[in-house]
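Take a look at the structure set out below.
Throughout, read-outs are computed from the coordinates displayed, never taken from laboratory work. Here the structure is a predicted model, which means the values were calculated and not measured. Here Cβ is always computed from backbone atoms with ideal geometry, including for glycine, and neighbour counts include all displayed protein chains.
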Amino acid sequence: MKEALRWLISNIPLILMALILAALAWFVALEQADPTVERTFPQPIPISMTGLDEDLLIVGNFQERVQVTIQTTRSVWDALEVEDFEAVADLSGLSPGVHEVPVQIDLDQEPSRILAREPETIVVELDSRASQVVPVRVEVTGEPAVGYVTRARTVEPRDVTVSGPTSYVTQVVEAFAAVSIDGADEDLEETLSVRPRNSAGETVPYVSLNPEAVELLIPVAPSGYHDTLSVKAVLTGEVASGYRITDIAIDPPTVTVFGNPADLAALEEGFIETKPVNVAGAQQDVVVRPGLTVPPKVSVVPGQQVEVRVSIEAIQSSLTITSTPEIQGLEPGYTATVSPDTVQVVLNGPLPILESLERDDVRVVLDLFDLPRGTHQVEPEVVTPEEITPQSIIPATIQVRIAEIPTPTATPESTVTSTVTATITSTRTITGR
């Protein structure tokens, strides 16, 4: 026993050395498997405030997030989330004024250590709570429409409560809103957002209003010395033959006149006429600014000008013609026999153009390009002037027989070689006038 005890005592240094070496080996192996890292967390951590006295308010803005650098293992780092951190600024016991408060960071993951935070402190301004009642003021700009006047306005509510930090609440003298009544010809009803203003007309920050909006009513009524009359266009002359009027537009459609209320009340027609607009021989839109024929003892409010646009277009009609097809694309050394040798074409378009069509204005073409010998049904193509549309072709297809030209001994008179110019029969059927 004594021998064993002496051996143990004499070998204590060696035993301790072995334990230290074993621990080092364990730490080295652990470090290699899950190494320690020092990094700044990529997302800023939101700072929460605690301990604020219920009679105090935070004024303005402060640094709301903090960047944190930590030391931990790689496995812990890879699993970290923003929710694992807690950043706190303790405002307990602080009075109104500006304070520099330290930021405390806690990390709910082990092993870990907070190495740095940026910023380490934040600056916070505190002030006591306050509230007061201030009047509502609505600024009205512009003028109602000519011939209208405004009556007494109403605002509901007439006062609002402003709340917030004392140093800012005491600056507020009114809840302000603005509205334009320019050109109004009926009652104006608006819900207006109001904002707190000081005596210099500036908006006061960091306060709230209750309510945040008011209801405004401004009655708008005729003045009694003005009246609004419709405008009637007076046309003279006839448009060109084959054309028609499709629309008469007046801008503006009404004008305002003024005069004695009795004279205005005596106006029975309820409209005012333009001076004559001449459309004689017109083939396109007529746009003019004629004067107005003003009733006696009544005047038109200055600055009003009426524009009259008379829309004119050609009358659409139809025309049936008989035409001989032209052959195109026939290979050399071949002949083509066409049956029937004439077709009827129904054309649609403006009547003046249909009536002025010449012999060569409309062509019916048979395209035989790349067609071999034999009998084919070919759809004819109609070539027309601009604005003329072929409505139908009778028949819709034409039989074409393609054959080789016989060896020259005699050319049979019955062979029809193609290229025939289109003709228009002297008989025309015109519809749709």
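Applied to the range 320-337, the Karplus parametrisation 6.51 cos²θ - 1.76 cosθ + 1.60 on θ = phi - 60° returns per-residue 3J(HN,Hα) values of 9, 10, 10, 9, 8, x, 9, 9, 10, x, 6, 5, x, x, 10, 10, 10, 10 Hz, with x for Gly and Pro. With a Förster radius of 56 Å applied to the C-beta separation of Glu118 and Val179, the computed FRET efficiency comes to 0.70. Taking 7 Å steps out from each Cα toward its Cβ at Thr236 and Ile405 produces label points 6.9 nm apart. Listed values for the range 228-239 are Karplus-derived 3J(HN,Hα) couplings in whole Hz (6.51 cos²θ - 1.76 cosθ + 1.60, θ = phi - 60°), namely 10, 10, 6, 9, 10, 7, 10, 9, 10, x, 10, 5, and x replaces Gly and Pro. Spatially, the range 152-194 and the range 290-330 are offset by 53 Å when compared through their Cα centroids.
Using the average count of surrounding beta-carbon atoms within 10 Å as a protection proxy, the listed peptides 368-377, 69-78 rank, highest first, as 69-78, 368-377.
Listed from fewest to most Cβ neighbours within 10 Å, the set Phe271, Phe258 follows the order Phe271, Phe258. Report the local net charge at Thr397: Lys and Arg +1, Asp and Glu -1, summed over other residues whose C-beta lies under 13 Å from its C-beta. My count for the surroundings of Thr397 gives -3. At most 10 other Cβ atoms within 10 Å plus a DSSP loop assignment makes a site exposed; report the longest stretch of the chain without any exposed GluC sites (Glu not before Pro). My reading of the result: 82-201 is the longest stretch. Model label points for Glu156 and Ser311, set 7 angstrom from Cα along the Cα-to-Cβ axis, are 4.6 nm apart. How would the range 128-222 be classified by its alpha-carbon gyration tensor: rounded, prolate or oblate, with rounded meaning a/c under 1.5 and the a/b versus b/c comparison settling the rest? It comes out prolate by the Cα gyration axes. What does the C-alpha gyration tensor say about the overall shape of the range 178-329? Classify as rounded when a/c is under 1.5, otherwise prolate if a/b is larger than b/c, or oblate. Judged from the Cα gyration tensor, the range 178-329 comes out oblate (a/c at least 1.5, b/c at or above a/b).
Across Val37, Val207, Val257, mean-square fluctuation computed from a Gaussian network of the chain (C-alpha pairs under 10 Å connected) peaks at Val37.
Helix 12-33 and the long axis of the chain differ in direction by around 10°, with both axes built from C-alpha atoms. Loop only per DSSP, at most 15 neighbouring Cβ atoms within 10 Å: give me the chymotrypsin sites (Phe, Trp or Tyr not before Pro) in the range 167-239, ordered by residue number. Within the range 167-239, the qualifying chymotrypsin sites (Phe, Trp or Tyr not before Pro) (loop, at most 15 other Cβ atoms within 10 Å) are Tyr225. A DSSP coil position with no more than 13 other Cβ atoms inside 10 Å describes the following trypsin sites (Lys or Arg not before Pro) in the range 125-162: Arg151, Arg158.
Can you classify the chain as rounded, prolate or oblate using the Cα gyration tensor, where a ≥ b ≥ c are the square roots of its eigenvalues, rounded means a/c under 1.5, and otherwise it's prolate if a/b beats b/c and oblate if not? Cα axes put the chain in the oblate bin. Were the residues from Thr141 through Arg289 laid out at 0.36 nm apart, the gain over their Cα-Cα distance would be 50.1 nm. Suppose R0 equals 60 Å; then what is the FRET efficiency for Ala213 and Gln71 from their Cβ-Cβ distance, rounded to the nearest 0.05? The calculated FRET efficiency here is 0.65. For Thr246 and Glu189, the FRET efficiency from 1/(1 + (r/R0)^6), where r spans their Cβ atoms and R0 equals 56 Å, is about 0.85.
Take the Cα of Val301, step 7 Å along the line toward its Cβ, and report every residue of the range 150-170 whose backbone nitrogen sits under 13 Å from that point. Counting only backbone N, you get 150. 3J(HN,Hα) along the range 281-297, derived from phi through the Karplus expression 6.51 cos²θ - 1.76 cosθ + 1.60 where θ = phi - 60°, amounts to x, 5, 10, 8, 4, 10, 10, 9, 10, x, x, 10, 8, 8, x, x, 6 Hz, with x in place of Gly and Pro.
Distance between the modelled labels on Thr375 and Asp360, one decimal in nanometres: 3.6 nm (7 Å Cα→Cβ projection).
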